[in-house]
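Right, one structure below, let's go through it.
The values are calculated or read from the model by the stated rules, or taken from the named source; none is laboratory data. Computed from a prediction, not measured in an experiment: that's the story for all the values here. All Cβ positions, glycine included, derive from the backbone under ideal geometry; neighbour counts span all protein chains shown. When the accessible area is computed, the model is the full protein with side chains, heavy atoms only, and any ligands, DNA or RNA have been set aside. Shrake-Rupley method; radii C 1.70, N 1.55, O 1.52, S 1.80 Å.
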Amino acid sequence: PSVESRCHLIYHGVNLDKFPMIKPLKFKGRINIISAGRLTATKGFDRLIRACSICRERGLNVHLTILGVGGLKNQLEEVAKKNNFNDYLIMPGWVDQENVRDYISNSHFFALMADVNFHDGLPNVVLEAMSVGRPVILSPLPAAKEAIKNQENGFILSKKNDYEGFFSIINKLLLSHKAYLNICMNSRKTIETDFKDYILIKKMIELFKNCRVDI
């Protein structure tokens, strides 16, 4: 058999009980955006801060929370200051899984404008955000299309610094709560259908059962 036929992709999956669908927030004058990951250059948090700053310049009351630790914390705070966004940025550091869920639940969007040149897999926090029922906005990561159908259950930007696209997505859903709710529901359905942890664990068990080692 070919090498390709012997390769299998199995995602980490999401525990649906730990990340249940939570009623989408209404827009009440403030837009909460959340992101998460190590504070490294590849994650593009500097771009995300600029994108949120541009939204504020255009009249959207955007606030950003970034979960995670890393060496760029001071630099990111400086980026926020230079873009007049320091009063709207929260970086609480590392949080456990239960608190990650709570932060996501209290947000309207999850966003990540990471570099696209690194062939990392899909961050599990993206799937967790979708499981809670929050629209996800991603740069065109190689793995993004594995979970996101653009404009159906989330959004994939045209490039890693697509600031115009970022603003347009948020502004569009701000103007149509029905469209926002539709994305929220489709996000959750995707996780229920394709990324439930016990279904993926079962696939892995079956894979090992059927595995034959030639000596």
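Scan the stretch 197-215 and give yes if some residue there is farther than 17 Å from Asn124 by Cβ, surrounded by fewer than 18 Cβ atoms within 10 Å (Cβ to Cβ), of a type in the set (Asp, Glu) and at pLDDT 95 or above, otherwise no. Walk me through it before giving the result.
Filtering the stretch 197-215 for residues farther than 17 Å from Asn124 by Cβ gives 202, 205-215.
Imposing the further condition that a residue be surrounded by fewer than 18 Cβ atoms within 10 Å (Cβ to Cβ) reduces the set to 202, 205-215.
Filter once more, so that each one left must be of a type in the set (Asp, Glu): 206, 214.
So of that shortlist, the ones also at pLDDT 95 or above come out as none.
No, that holds for no residue.
Can you pull out the residues in the stretch 90-142 that are among the hydrophobic types (A, V, I, L, M, F, W, C) and open to solvent by 60 Å² or more (accessible area, probe 1.4 Å)? Before the answer, list the steps.
Let us first name the residues in the stretch 90-142 that are among the hydrophobic types (A, V, I, L, M, F, W, C), namely 90-91, 94-95, 100, 104, 109-114, 116, 118, 122, 125-127, 129-130, 132, 136-138, 141.
Selection gives Ile90, Trp94, Phe118.
Of the numbered conditions (1) touching a Ser or Thr at 6+ places or on another chain (Cβ under 9 Å); (2) open to solvent by less than 40 Å² (accessible area, probe 1.4 Å), Ile49 fails exactly one; give the number of that condition.
Against the list (1) touching a Ser or Thr at 6+ places or on another chain (Cβ under 9 Å); (2) open to solvent by less than 40 Å² (accessible area, probe 1.4 Å), Ile49 comes up short only on (1).
Out of the residues in the stretch 110-153 that are of a type in the set (Val, Ile, Thr) and in contact with a Pro (Cβ under 9 Å, 6 or more places away or on another chain), state the one that is farthest from Lys18 (Cα to Cα). Working first, answer last.
Let us first name the residues in the stretch 110-153 that are of a type in the set (Val, Ile, Thr), namely 116, 125-126, 132, 136-137, 148.
Retained after the next criterion (residues that are in contact with a Pro (Cβ under 9 Å, 6 or more places away or on another chain)): 116, 132.
Numbers: Val116: 30, Val132: 9 Å.
My answer is Val116.
Can you find, within the stretch 179-196, the residue that is surrounded by the most Cβ atoms within 10 Å (Cβ to Cβ) among those that are more than 16 Å from the chain's Cα centre (by Cα) and at pLDDT below 95?
Here the answer is Lys196.
Looking at (1) at pLDDT 95 or above; (2) over 24 Å from Phe195 (Cβ atoms), which one does Lys26 not meet, given that it meets all the others?
If we test Lys26 against (1) at pLDDT 95 or above; (2) over 24 Å from Phe195 (Cβ atoms), just (1) comes out false.
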